[in-house]
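K.L.:
A single structure is presented below for examination.
The values are calculated or read from the model by the stated rules, or taken from the named source; none is laboratory data. Being a predicted model, the structure only gives us computed values, none of them experimental. So basically every Cβ, Gly included, is an ideal-geometry build from the backbone, and we count neighbours across all protein chains shown.
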Amino acid sequence: MKKPSRQFILIWSLFVASIFLIGVLSQKWNPETTCFNSGTPEEICKTEQVDFWRTSAKDFVNYGSGMGDVTNYLKIAEYFIGERKRDVILSWATYNWPPGFPAIVALVLKLTGPSYYFPKLLFVLSLALGFLFSILYHSIPLFSGRPVLRFFTWLSIFLLPDFRFQTVQFAYIASEGWAITTFVLALVALRSAGQKLTVSSAVWAGVALALASYMRALVDTLNSLTLTLLVAAAILAFLFEWIRQRKRPNLSTKSGRYLQLVLIIFAVQSILVAPWKFRNYKMTKIYSLCSTSDSVFRLHWTPTDKAPGWIKTSNVACRLAENVCAEVNTLPEEAIVDYRKGLTVSVFFANPVKWIIYRLKTFNSLWVGFSYKPSSWSDGSWWMAWIEGLFYLGMGIFAGAAFLSPSPKSIKNKAPNILFRSYALFFILANLAVFLVAPYEHRYSFFLRILFVYVGLVALGRKKIWKS
Amino acid sequence: MGQPKFKLNLTLLFGVAFFVIFFSLGAVLISHTYQPDCVYTPGQPAQCTYEALNAWEMTSEDWANLGETRRGDVVSYVIMAKAWLGQLPMDEGMMWRFKNWPPIIPLVTAVAIALESFWPLAATKLFLTSFVLALTWALFLKLVTLNFKASWKFTGFFFIFLLSPFLFGDFRSQLFGRGLFVSESLSFSFFILGLYCFFQTLLSPSWKYVFFTAAAWAVSANIRAQMDLVSLLGVAGFTFFMVVFYFLCPALKLSPITSSLKLKQLSVLLLTLFILSSPWKIRNWAKAGSFSMITTSESVYHFLWSPSDKVPSWLIGGNTACVVAPNLCSALNQSTQYSGDLKKHLTLSVLISKPSEWIKVRLKGWKLYWLPTILSEESVSENKDSISWRMSHFYFLQWPDLFFAFFCWMAVLVVLLMKGASKELKGQLALLILIFTGIYGIFFLLIPCEPRYFMVYRWLGFFFLMPLLAFKRKKA
């Protein structure tokens, strides 16, 4: 591994300082102390209203109903450092959320103690985000020759309110910031593997994907689907070439090399996530980083008046098969518990078009998190959310057009990075599949939006017009 | 000019010979299987098989009053026919029957009832079955021998070979025994006739066979709803894969197994078959909201979720869902108010959630898949107290049927694997076999079945030998 250059370290430091500052300034300075220790299970205030500088870990443990992400990350972290004993709820938490973010929180807790650790956690995230942005700065030749413009172009991504919220604002107490950081690092590693076509680069790509999976179970789900499709496509391509050429199978051909790299990435990622998945399997008989995926299908069969508000379209099966839903909810739990997933699949296949149309109608809640029409046209947050959503969509369309129509020269002179392109394509398909099936919050689409931005910026960076 | 006439005259001659043989065989069987001590008491459970009745002397009134519930196939066909002839009212029970069975057998039965004063009911069905079978058998003979002016010795040998399935009890029973009173005899006959026309579609560029195939299979579909699924899914699947191979073979530098003409013919066949099998489906759609040949599929789910003591033993995999998900089954049977819709979705849900257990339960009944309609020895011993089954000495044991059917299948596989035959034809026939196997495999896995449902599949090996033999003759 090459020693990072001085320029790299300088850029890294600048990014770290800038991101930390942005993170600090993003916090509100009016603490809502009534949020905590109120004795009620409901969340009284939203997380962005909380002043994290003055909030202790103990307060967050009591936040809300006790079943949400926030509280349980902390509880798991306390369990990791031996400050909490495992009970039934904690056990459930450990197989509901992957251990990546709690491990980081545990590390910080161990270093700083239980009180007022959040600013320190932001600092640790800033180091990682800074590292990410400096890699992007060096690997994508956007405005090359104009370092100041280039630096602030990258930093301007934090002008996007949702991006800022998901990374440095909400990231205090949730895993999104780390998941986004590690996911983009994985994309960089994948792109590098597709360019270098070496075993070591494929191994690093697998490691990066595994790291991202450990931060959010959704990333693992998307990666599992994507890598499965990737492996299947690689095998088909290899077989196709083999049959066509009528020669003995040869891994030194293009398709053979592609297959090798894909298998290495898949194997490395699978092996690295296997320990926690196996641990969950021993407890729940479900081999997954999130072994409570059954709740997805439970939500599908929850009557509309009982569906939780924070997941808008969770009960599609129930909405499309209302009579069946009413009957299902009269059956004893022990009789129906194993069959909700199959029931959901059955309803989907009975009404595929209606299902897809229903989901598409809720595209706004997936992509933007706001309704199609604002309650008031002067609502600035509605406008910003839609501008940001359209920006991501625009980047995706631009990236798609750029990547789908490479010039003949680029195909002739350079391998068109089939590995990265196919990963991107299958990742989009995986997101579509999850969007169709799973109850969705709009933050779940963030990884797809990030992919669009990354690919869009890569495409922009290739354009000669931007080079000096 | 002499040749076509020669072939046509010989084909007619052999057709007549086949007709005489089949009609006579059927008439003899009906008489021979009659058991005087078999008496059906109206409203009481059956004490013997249909073959044991005196079919020559039974009137439509006798047939219409058979059985305990009067909801079985045979009785219902007669009742439906009487309703069409205005002899019975169109009440709720009648409407249920018209939702449960396609129209042709009731139509044929209505014609038979109209001719009842001239000759017995059974004779009309026997006549029609013999006619269609004779036509089909003569066409197969023409395909393999008469087209090539084969020697009399070979023609005679092949003539006997074509008659050989009738040596076996199950085959006879399905065509001239029990099958004559239900729908198997006619549906099988028309399906095999359609299969002959389909082989000709593959072997010859003529468009007439496309329409003949569609017509024959549409008639078969209107006799048995199962044939509707088999023919439509079979043609659709075959056409789909032909299209795939049409594009894939050049890309993989493999020799083609089809041509653009064949693709056009297959597409027209599929469309024509769909159109010709649609009228009764449109009628059902208008009356019952379901575009299908029968609209009482909830009985399938009713059986799948029935406790084991309430399912007939001859229904293969009758209550698989209940066996695989006993807790859920018990909960569903607590109330009669759970809808067919729920049971349908739960069936698929159990299959998706526990596929290996489902398949295990199904495979336990594999013997009944292959053995003929007459119950196996185990079933006879289980049911001997309630039903007494008599096996006429004229019927051989069931095992020869099984061996002969397997022998034909093995012969087909051997020829397909041998070198020298047309790759295109072999590829197409192999694909067709795979598709039919897949379709019948799905039936076996999903639907409560009787062994007679698989009669067509058991004997497909015998008929698939014909185009292979024809091709060999052509090459020679």
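K.L.:
Test residue A:213 against the criterion of being away from chain B (no Cβ under 14 Å), out of contact with any helix residue (DSSP H, G or I) (no Cβ under 7 Å at 6 or more places or on another chain) and of a type in the set (Gly, Ala, Ser), and give yes or no.
P.N.:
Here the answer is no, as residue A:213 does not meet what is asked.
K.L.:
Using the structure shown, decide if residue A:377 is surrounded by fewer than 17 Cβ atoms within 10 Å (Cβ to Cβ) and either more than 11 Å from chain B (Cβ to nearest Cβ) or part of a helix (DSSP H, G or I) (or both).
P.N.:
yes
K.L.:
So which helices (runs of 4 or more DSSP H) stay within the stretch A:302-374 end to end and still have 2 or more residues that are more than 9 Å from chain B (Cβ to nearest Cβ)?
P.N.:
A:316-320, A:322-328, A:352-361, A:363-367
K.L.:
I've got another one for you. Checking the structure you have, find out if any residue of the stretch B:211-219 is buried (at least 20 other Cβ atoms within 10 Å of the Cβ), over 21 Å from residue B:429 (Cβ atoms) and not hydrophobic (A, V, I, L, M, F, W, C).
P.N.:
No; the residues of the stretch B:211-219 include none that is buried (at least 20 other Cβ atoms within 10 Å of the Cβ), over 21 Å from residue B:429 (Cβ atoms) and not hydrophobic (A, V, I, L, M, F, W, C).
K.L.:
Next question. Being outside any helix (DSSP H, G or I) and surrounded by 13 or more Cβ atoms within 10 Å (Cβ to Cβ) is the requirement here; does residue A:264 meet it?
P.N.:
no
K.L.:
Before we move on, is residue A:388 modelled with pLDDT of 90 or more, more than 14 Å from chain B (Cβ to nearest Cβ), crowded, with 19+ Cβ neighbours inside 10 Å and assigned to a helix (DSSP H, G or I)?
P.N.:
Answer is yes for this residue.
K.L.:
To continue, here is another question. Among what's in the stretch B:325-352 and is over 19 Å from residue B:297 (Cα atoms) and crowded, with 23+ Cβ neighbours inside 10 Å, pick the residue that is nearest to the other protein chains (Cβ to nearest Cβ).
P.N.:
B:328
K.L.:
Moving to a separate point now. Count, please, the residues in the stretch A:283-301 that happen to be aliphatic (A, V, I, L, M) and outside any loop (DSSP other than H, G, I, E, B).
P.N.:
The number of residues fulfilling the criteria is 3.
K.L.:
While we're on this one: Being over 18 Å from the mean Cα position of the chain (by Cα) and either part of a loop (DSSP other than H, G, I, E, B) or at pLDDT 85 or above (or both), is that true of even one residue in the stretch B:430-452?
P.N.:
yes
K.L.:
Next question, about the same structure. Take the residues of the stretch B:212-224 that are outside any helix (DSSP H, G or I) and within 11 Å of the chain's Cα centre (by Cα): which is farthest from residue B:440 (Cα to Cα)?
P.N.:
B:223
K.L.:
What single numbered condition from (1) more than 29 Å from residue B:450 (Cα to Cα); (2) over 26 Å from the mean Cα position of the chain (by Cα) fails to hold for residue B:92?
P.N.:
(1)
K.L.:
I'd like the full set of residues that are among the hydroxyl-bearing types (Ser, Thr, Tyr), assigned to a helix (DSSP H, G or I) and either over 16 Å from residue B:196 (Cβ atoms) or modelled with pLDDT under 85 (or both), limited to the stretch B:131-168.
P.N.:
Those that are among the hydroxyl-bearing types (Ser, Thr, Tyr), assigned to a helix (DSSP H, G or I) and either over 16 Å from residue B:196 (Cβ atoms) or modelled with pLDDT under 85 (or both): B:155, B:164.
K.L.:
On the given criteria, is residue A:259 assigned to a helix (DSSP H, G or I) and surrounded by 19 or more Cβ atoms within 10 Å (Cβ to Cβ)?
P.N.:
yes
K.L.:
Hey, could you check the stretch A:445-468 for residues that are in contact with a helix residue (DSSP H, G or I) (Cβ under 6 Å, 6 or more places away or on another chain) and among the hydroxyl-bearing types (Ser, Thr, Tyr) and say which is modelled with the highest pLDDT?
P.N.:
A:454
K.L.:
Output the residues belonging to the stretch A:65-101 that are touching a residue at least 40 places away in the same chain (Cβ under 8 Å) and in a loop (DSSP other than H, G, I, E, B).
P.N.:
A:95, A:96, A:97, A:98, A:99
K.L.:
A further question follows. Take residues that are modelled with pLDDT under 70 and tell me which of the helices (runs of 4 or more DSSP H) falling wholly in the stretch B:1-88 contain 1 or more.
P.N.:
Because the criterion is at least 1 residues that are modelled with pLDDT under 70, the helices (runs of 4 or more DSSP H) in the stretch B:1-88 that meet it are B:2-32.
K.L.:
Give the residues of the stretch B:304-324 that are farther than 17 Å from residue B:447 by Cβ and either within 7 Å of chain A (Cβ to nearest Cβ) or not hydroxyl-bearing (Ser, Thr, Tyr) (or both), sorted by residue number.
P.N.:
B:307, B:309, B:310
K.L.:
Let me ask you something else. Applying the selection to the stretch B:225-266, what residues are more than 24 Å from the chain's Cα centre (by Cα), assigned to a helix (DSSP H, G or I), more than 14 Å from every other protein chain (Cβ to nearest Cβ) and small (Gly, Ala, Ser)?
P.N.:
B:260
K.L.:
Let me ask another. I'd like to check something: does the stretch A:304-311 contain any residue that is of a type in the set (Gly, Ala, Ser), at pLDDT 85 or above and surrounded by 12 or more Cβ atoms within 10 Å (Cβ to Cβ)?
P.N.:
No: zero hits.
K.L.:
Could I ask something else about it? Looking only at the stretch B:171-204, count how many residues are in contact (Cβ under 8 Å) with a residue 60 or more places away in the chain and not in a helix (DSSP H, G or I).
P.N.:
3
K.L.:
Looking at A:80, A:118, A:101, which one is touching a helix residue (DSSP H, G or I) at 6+ places or on another chain (Cβ under 6 Å), over 21 Å from residue A:289 (Cα atoms) and modelled with pLDDT of 60 or more?
P.N.:
It is A:118.
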